[in-house]
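First the structure, in the form of structure tokens, and then the observations on it.
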Amino acid sequence: DAGITQSPRHKVTETGTPVTLRCHQTENHRYMYWYRQDPGHGLRLIHYSYGVKDTDKGEVSDGYSVSRSKTEDFLLTLESATSSQTSVYFCAISQGAPPRTGYTFGSGTRLTVV
Amino acid sequence: AQKVTQVQTEISVVEKEDVTLDCVYETRDTTYYLFWYKQPPSGELVFLIRRNSFDEQNEISGRYSWNFQKSTSSFNFTITASQVVDSAVYFCALSEASGNKLVFGAGTILRVKS
């Protein structure tokens, strides 16, 4: 009954290769987010979506793109992975603005770029 | 712009000690939401509390308590009689009602020793 799942959970990829991470929700929430977590920085927002085909940049969006073709899926793509993109990536969902019910996070994807 | 500063990077205590994690925030909005999340060694993000800017009542939940003071822009978290299972990274976060983005502090690593 997770409500939000991320895939894959772990991935190792080579520098320069494209990588796509998937976030899937069953809650029908309007808002979806991608964060990355790095030591000393907490979680930083990469991109977010406020509806199908509606997305916007966060504070660390360079090198990343996103797509949301249906409510339940939010894809994060690294067009050409770099070692600086080695991180743990979290997806989150929110019912609306303001977040009366808070944010729900996925279990994270650990990405290593070698 | 919204900003969250977690004063302590790392705290070590001995079991049964009380410990306070300090969080200071910045925002220009009059309506905003403050959160605390726990990230245990397993890596998932566990929601602890959400507080809106109009509710300055302190809250207690078992061994956990939160002190929200708008005058000092602080939202501090206290664990009473700490336990080894409290060892985790704790994040304070802020969401402005006008923006619907959740901004995190860098986190405080809490180590509770037996």
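The values are calculated or read from the model by the stated rules, or taken from the named source; none is laboratory data. Everything quoted here is computed from the prediction, not taken from an experiment. Every residue, glycine as well, gets a Cβ built from its backbone with ideal geometry; the counts of neighbours run over all protein chains shown. For the accessible areas, the whole protein counts, side chains as well, though only heavy atoms, and no ligand, DNA or RNA atoms are used. Shrake-Rupley method; radii C 1.70, N 1.55, O 1.52, S 1.80 Å.
How about the stretch B:1-68: which chymotrypsin sites (Phe, Trp or Tyr not before Pro) there are in a DSSP loop, with at most 16 other Cβ atoms within 10 Å of their Cβ? Please list the in-between numbers first.
Working: sites: B:Y25, B:Y32, B:Y33, B:F35, B:W36, B:Y37, B:F47, B:F54, B:Y64, B:W66, B:F68; in loops: B:F54.
Loop-located and lightly packed - B:F54.
Using +1 at the Cβ of each Lys and Arg and -1 at the Cβ of each Asp and Glu in the stretch A:10-86, identify which of A:G16, A:L43, A:S67 lies farthest towards the dipole's positive end.
The residue sitting most towards the positive pole is A:S67.
Evaluate the distance, in nm, between pseudo-label points positioned 7 Å from the Cα of B:K3 and of B:A81 along their respective Cα→Cβ axes.
Placing both labels 7 Å beyond Cα along the Cβ direction yields 4.0 nm.
Which residues of the stretch B:81-114 bury at least 20 Å² of accessible area once all protein chains are present, versus their chain alone (1.4 Å probe)?
Going by heavy-atom accessible area, the residues of the stretch B:81-114 that drop by at least 20 Å² are B:F91, B:A97, B:N100, B:K101, B:L102, B:F104, B:A106.
Mind checking the stretch B:1-33 for trypsin sites (Lys or Arg not before Pro) that DSSP puts in a loop (not H, G, I, E or B) and that have at most 10 other Cβ atoms within 10 Å?
On the way: sites: B:K3, B:K16, B:R28; in loops: B:K16, B:R28.
Of the trypsin sites (Lys or Arg not before Pro), the ones in loops of the stretch B:1-33 whose Cβ has at most 10 other Cβ atoms within 10 Å are B:R28.
What accessible area per residue comes out for the stretch A:15-114, rounded to a whole number of Å², with a 1.4 Å probe? All intermediate terms of the calculation are to be shown ahead of the outcome.
Details: 4350 Å² over 100 residues.
With the other protein chains kept in place, the stretch A:15-114 gives 44 Å² per residue.
Using the C-alpha gyration tensor of the stretch A:41-91, what are the square roots of 5 times its eigenvalues, in whole angstrom, with the largest one first?
Details: eigenvalues 77, 29, 19 Å².
Its equivalent ellipsoid spans semi-axes of 20, 12, 10 Å.
From the phi of every residue in the stretch B:46-57, what ³J(HN,Hα) in whole Hz does the Karplus formula 6.51 cos²θ - 1.76 cosθ + 1.60 yield, where θ is phi - 60° and glycine or proline is x?
10, 5, 10, 7, 10, 9, 8, 5, 9, 10, 9, 5
Short version: ³J(HN,Hα) in whole Hz for each residue of the stretch B:100-110, in order, from phi by Karplus 6.51 cos²θ - 1.76 cosθ + 1.60 (θ = phi - 60°), x for Gly and Pro, what are they?
Using θ = phi - 60°, the values come out as 6, 10, 9, 10, 9, x, 6, x, 10, 7, 10 Hz.
Direction-averaged shadow area of the convex hull around the Cα atoms of chain A, nm²? The partial results should precede the final answer.
Values: hull surface 26.8 nm².
For chain A, averaging the hull's shadow over all directions gives 6.7 nm².
Not counting the cut sites, what is the longest span of chain A without trypsin sites (Lys or Arg not before Pro) that DSSP labels loop and that have at most 14 other Cβ atoms within 10 Å?
Values: sites that count: A:R9, A:K53, A:R100.
With a cap of 14 other Cβ atoms within 10 Å, the longest stretch comes to A:54-99.
To make sure I understand the rule: partners must be lysines, Cα under 18 Å from the Cα of B:K38, and not fewer than 8 residues away in the same chain. Which ones qualify?
B:K38 reaches B:K113.
Select from the stretch B:44-93 those trypsin sites (Lys or Arg not before Pro) which occupy a DSSP coil region and have at most 13 other Cβ atoms within 10 Å, ordered by residue number.
Values: sites: B:R50, B:R51, B:R63, B:K70; in loops: B:R63.
Those satisfying the criteria are B:R63.
Give the residues of the stretch B:66-97 whose amide nitrogen is closer than 20 Å to a point set 7 Å from the Cα of B:D18 in the direction of its Cβ.
B:66-70, B:74-87
Straight-line reach only, C-alpha to C-alpha below 16 angstrom: list the aspartates and glutamates that B:K101 could link to, leaving out same-chain residues fewer than 8 apart.
Here the aspartates and glutamates satisfying the reach criterion relative to B:K101 are A:D54, A:D56, A:E59, B:E26, B:D29.
Using the Kirkwood radius built from alpha carbon pairs, what does the Stokes-Einstein equation give as D for the protein assembly as shown at 10 °C and 1.306 mPa s, in µm² per second? Write down the numbers at each step before the final one.
On the way: Rh = 18.2 Å.
The calculation lands on 87 µm²/s.
Please list the equivalent ellipsoid semi-axes of the stretch B:1-91, computed as the square roots of five times the alpha-carbon gyration tensor eigenvalues, in descending order and whole angstrom. Working shown, then result.
Working: eigenvalues 108, 40, 30 Å².
Semi-axes (√(5λ), whole Å): 23, 14, 12.
Output wanted: per-residue J couplings in Hz (rounded whole) for the stretch B:82-94, from phi through Karplus 6.51 cos²θ - 1.76 cosθ + 1.60, θ = phi - 60°, x for Gly and Pro.
4, 10, 4, 5, 7, 4, 5, 9, 10, 10, 9, 8, 9
What's the center-to-center distance, using Cα atoms, between the stretch B:25-83 and the stretch A:1-79 in Å?
26
Stretch A:D38-A:K57 to full length: gain in nm at 0.36 nm per residue minus the Cα-Cα span?
Numbers: separation 19, 0.36 × 19 = 6.84 nm, distance 1.85 nm.
Contour length minus Cα-Cα distance gives 5.0 nm.
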